[in-house]
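The values are calculated or read from the model by the stated rules, or taken from the named source; none is laboratory data. From a predicted model like this one, the values you see are computed outputs, not experimental measurements. Backbone-built Cβ (ideal geometry, glycine too); neighbour counts: all protein chains shown.
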Amino acid sequence: MDPGETVPITELLDERRFLLDVAYWMLGSPAVAESVVDQTYRRWYELSDAERHRIAVPRSWLARTAGGICLDRLAPAGPGATDHKDDARRQPPSAEEEAGRVVLNVLESLPSAERATFVLRVFGMAKRTVADIVGRTEPETAELADRARRWLTVQRSRPTTPQQQEALARAVREACLTEDAERLASLLCPDVTAFFDGGGKVRTLTGQVHGSRQVADSLLTLLARRPRTALTTHSVNGRTGLVARYGHHVAGVIGLDITDDHVAQVWVMLNPDKLRSWNEPHTHGGLFFDRIQ
């Protein structure tokens, strides 16, 4: 190795700490973060000398690689996969770690793309690098970060119990079935936002809908009662949401983020590809692939 490539030890330690922090806040476990960083450095040393020489800013390359590994680990796991969050929770927390755990619990409720974008931007990663890691354009990652910030703000309000979540989801279902726009709007926060994901496979709204009355009207139009249609409550992303069926086919899954006894965000999944698991026999459903990505 060329002596000119030597890096001050403080810089080396700072670099590793930075990577550990990114991995920890994305995955929620010190042990798993260590594993990610070790894997990141292994990939660095698997490069040839010539390949490493061509990397102008090694720290950026390492951060991009670590972020990609974290996203892979955040992907929906198959049966028997290890829950990384349990690894972290088995460790006795200090007061500082306990405070961090509160934030992590909120981050864990975010879809993986939004969570990754928010964490990477918080750690000062360039927008272009974040977009490269997440696999989106810069405007798309800016929207993901904005969603994450809004959701974190929502979660600072009084937490909702499972019983409150279920009761409100059932009330939303009843308002939709009776096509009661006033009642439905009253169940939504005044600044509620609805997101629709058709994946370009069905004709649906592509932007966001804001405001209680506008969201209520959109939902009532989408869920208008027709022959062979049904709307039921069901577990969606670990909370009670709604499932729309046409015959025996699941045509839409609706997640509801609730705070202070009102719906703060609505996630409408209509993408047939992401609904495939809901329509496979002998599956339990419950998730729709990290909400809308």
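Quick look at the values:
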item: Lone unmet requirement of (1) surrounded by fewer than 16 Cβ atoms within 10 Å (Cβ to Cβ); (2) under 28 Å from residue 13 (Cβ atoms); (3) among the hydrophobic types (A, V, I, L, M, F, W, C); (4) at pLDDT below 50 for residue 88; result: (1)
item: The range 183-215, subset more than 25 Å from residue 274 (Cβ to Cβ) and part of a loop (DSSP other than H, G, I, E, B), residue farthest from the chain's Cα centre (by Cα); result: 187
item: Filter result for residue 203 (over 25 Å from residue 164 (Cβ atoms) and outside the structural domain of residue 144 (by TED's automatic domain parsing)); result: yes
item: Residue within the range 164-182 that is in contact with a Phe, Trp or Tyr (Cβ under 7 Å, 6 or more places away or on another chain) and outside any helix (DSSP H, G or I) present; result: no
item: Looking only at the range 124-145, and only at residues there that are more than 19 Å from residue 73 (Cβ to Cβ) and basic (Lys, Arg), the one that is surrounded by the fewest Cβ atoms within 10 Å (Cβ to Cβ); result: 128
item: Selected residue (criterion: farthest from residue 245 (Cα to Cα)) from residues of the range 197-207 that are surrounded by 15 or more Cβ atoms within 10 Å (Cβ to Cβ) and out of contact with any Pro (no Cβ under 9 Å at 6 or more places or on another chain); result: 205
item: Residue match in the range 218-231 (condition: in a strand (DSSP E or B) and of a type in the set (Gly, Ala, Ser)); result: yes
item: Some residue of the range 13-32 being within 20 Å of residue 126 (Cα to Cα) and among the polar types (S, T, N, Q); result: no
item: Meets criteria (within 30 Å of residue 72 (Cα to Cα), crowded, with 18+ Cβ neighbours inside 10 Å and modelled with pLDDT of 90 or more) for residue 250; result: yes
item: The range 182-196: number of residues that are buried (at least 16 other Cβ atoms within 10 Å of the Cβ) and closer than 18 Å to residue 231 by Cβ; result: 6
item: Checklist (1) at pLDDT 90 or above; (2) touching a Phe, Trp or Tyr at 6+ places or on another chain (Cβ under 8 Å); (3) surrounded by 18 or more Cβ atoms within 10 Å (Cβ to Cβ) applied to residue 212, failing item; result: (2)
item: Residues that are part of a loop (DSSP other than H, G, I, E, B) and either under 22 Å from the mean Cα position of the chain (by Cα) or in contact (Cβ under 8 Å) with a residue 40 or more places away in the chain (or both), drawn from the range 24-60; result: 28, 29
